[in-house]
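Chemist: Below you'll find the structure I mean.
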Amino acid sequence: MPSSLISQQVVGEDEVILPVVPNVSVVVPVRDEVESLPLLLEAISSTLIASELSYEIICVDDGSTDGSAELLKEQAQIRTDLKAVILRRNYGQTAAMAAGFNYAIGKAVVTLDADLQNDPTDIPILLAKLDEGYDLVSGWRQNRQDGAINRLLPSKIANWLIRRTTSVHIHDYGCSLKAYRAELVADMNLYGELHRFLPALAYIEGARITELPVRHHARRFGQSKYGISRTFRVLMDLLTILFMKKFLTRPMHVFGLLGLVSMIFGSGIGIYLTFVKLFFHVDIGNRPLLILAVLLLVTGVQLFCFGLLAELLMRTYHESQGRPIYRVREVVAKNVK
Ligand code: UDP
Ligand code: MG
């Protein structure tokens, strides 16, 4: 049984000191959410104080232009529970989350959206579940308050695909409200729109995963930052990780293999045609078989080269993993390490 995440450190006889490591780091990616932020900070702190959990809030400003960054910096100078991490420009929600993970020092990490669609009062419930021995507790928006065609449908498809291809059987991979053990997020390599598929990545890492129903509210201020083009990017990222999971060791071998098979068939037919021409004087002419042979050979060679290129690309990709996917302009916190 893993050690309790929400126990206090007891030193000496009856002297209880506040843990240096907070129970939980709440990571919030923020892009243009200036109206929601004061309400959000208040809701998070009052919930966690009421639950007697020590905490820090890490708001990552992802290139806001509406004054969110200024508000966060100002608040971080007043409040002791807030770190404001200001990114240089907009890098996307995944990168903002990765930045938050990087600054988090809590035993557990909780992520949620800044727009009040997730409910901070669910945080202690997720943490209690985590304490039962899980590495990741994912929120399940049973009453999701988003558009049907542009949001619910694509996410239904994505959820179905992941459920089919991994053995993580949860309903709502895309819910931002999640709780993690700190060790799990520490070595997670995020890029693109992958934050939505953290459970799938965590599953590859061998994490124990579960889900809990959480509240979900309609957006109160501003608009969603996700349109149909982002949905497409999300689906592409999904395909990449599913692909990587299937062919984890050498993901791109599949192209080379396809090319090779195609080349073998093409060559086989070519040899057969040459054979009948040479020994039985059968005219090759413009028979369909000839066209097939040429097609298979040409596509085979191309796919094979494609496979080689992809292999090189994968190597470059893995080598470039050390590079950050975001740049930090400024960190404002009263008690930064
Ligand atoms: N967000 C971000 N960077 C972006 C887009 C969004 O940090 O480029 C934040 C946003 O401020 C919010 C969360 O990510 O806190 C989720 O975004 P949004 O509410 O637009 O997405 P939806 O709820 O519609 O999925
Ligand atoms: Mg939202």
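The values are calculated or read from the model by the stated rules, or taken from the named source; none is laboratory data. Note that the coordinates shown come from a computational prediction; the quantities given were computed from them, not determined experimentally. Note: ideal-geometry Cβ built from the backbone for every residue, glycine included; neighbour counts use all protein chains shown.
Chemist: Of everything in the range 152-199, what is of a type in the set (A, V, I, L, M), over 15 Å from the mean Cα position of the chain (by Cα) and within 16 Å of ligand 2 (Cβ to nearest atom)? Give them in sequence order.
Modeler: Within the range 152-199, just L152 meets the criteria.
Chemist: May I ask you to list the residues in the range 69-111 that are touching an Asp or Glu at 6+ places or on another chain (Cβ under 8 Å), among the β-branched types (V, I, T) and closer than 26 Å to Y226 by Cα?
Modeler: If the condition is that a residue be touching an Asp or Glu at 6+ places or on another chain (Cβ under 8 Å), among the β-branched types (V, I, T) and closer than 26 Å to Y226 by Cα, then V85, I86, T94 are the ones that fit.
Chemist: How about the range 55-68: which of its residues are outside any strand (DSSP E or B), crowded, with 19+ Cβ neighbours inside 10 Å and more than 16 Å from ligand 2 (Cβ to nearest atom)?
Modeler: The one that is outside any strand (DSSP E or B), crowded, with 19+ Cβ neighbours inside 10 Å and more than 16 Å from ligand 2 (Cβ to nearest atom): G63.
Chemist: Checking the conditions here, which among L71, L40 is farther than 24 Å from D122 by Cα and buried (at least 18 other Cβ atoms within 10 Å of the Cβ)?
Modeler: On the way: L40 fails: farther than 24 Å from D122 by Cα.
Result of the check over L71, L40: L71.
Chemist: Without any contact (Cβ under 8 Å) to a residue 24 or more places away in the chain, farther than 20 Å from A207 by Cα and in the same structural domain as V34 (by TED's automatic domain parsing): is that true of A114 in this structure?
Modeler: Values: without any contact (Cβ under 8 Å) to a residue 24 or more places away in the chain: no; farther than 20 Å from A207 by Cα: yes; in the same structural domain as V34 (by TED's automatic domain parsing): yes.
Against the criterion (without any contact (Cβ under 8 Å) to a residue 24 or more places away in the chain, farther than 20 Å from A207 by Cα and in the same structural domain as V34 (by TED's automatic domain parsing)), A114 does not qualify.
Table: residues versus (1) more than 24 Å from the chain's Cα centre (by Cα); (2) among the β-branched types (V, I, T); (3) assigned by TED's automatic domain parsing to the domain that holds R88.
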residue: V34; (1), (2), (3): yes, yes, yes
residue: L40; (1), (2), (3): no, no, yes
residue: L48; (1), (2), (3): yes, no, yes
residue: V60; (1), (2), (3): no, yes, yes
residue: T65; (1), (2), (3): yes, yes, yes
residue: S68; (1), (2), (3): no, no, yes
residue: L71; (1), (2), (3): yes, no, yes
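Chemist: Are any residues in the range 171-183 more than 17 Å from P29 (Cα to Cα) and touching a residue at least 60 places away in the same chain (Cβ under 8 Å), and if so, which ones?
Modeler: Answer for the range 171-183, where residues must be more than 17 Å from P29 (Cα to Cα) and touching a residue at least 60 places away in the same chain (Cβ under 8 Å): R181, A182.
Chemist: Right, another one. Looking only at the range 89-104, decide whether some residue is more than 16 Å from ligand 2 (Cβ to nearest atom), in a loop (DSSP other than H, G, I, E, B) and buried (at least 22 other Cβ atoms within 10 Å of the Cβ).
Modeler: Looking for residues that are more than 16 Å from ligand 2 (Cβ to nearest atom), in a loop (DSSP other than H, G, I, E, B) and buried (at least 22 other Cβ atoms within 10 Å of the Cβ), one finds at least one in the range 89-104, hence yes.
Chemist: Here's a follow-up. Being more than 14 Å from ligand 1 (Cβ to nearest atom) and under 24 Å from A50 (Cα atoms) is true for just one of L161, L126. Which residue is that?
Modeler: L126
Chemist: Here's another thing I want to ask about it. May I ask you to list the residues in the range 109-151 that are assigned to a strand (DSSP E or B) and either among the hydrophobic types (A, V, I, L, M, F, W, C) or more than 16 Å from ligand 2 (Cβ to nearest atom) (or both)?
Modeler: Selection gives V109, V110, L136, V137, S138, W140.
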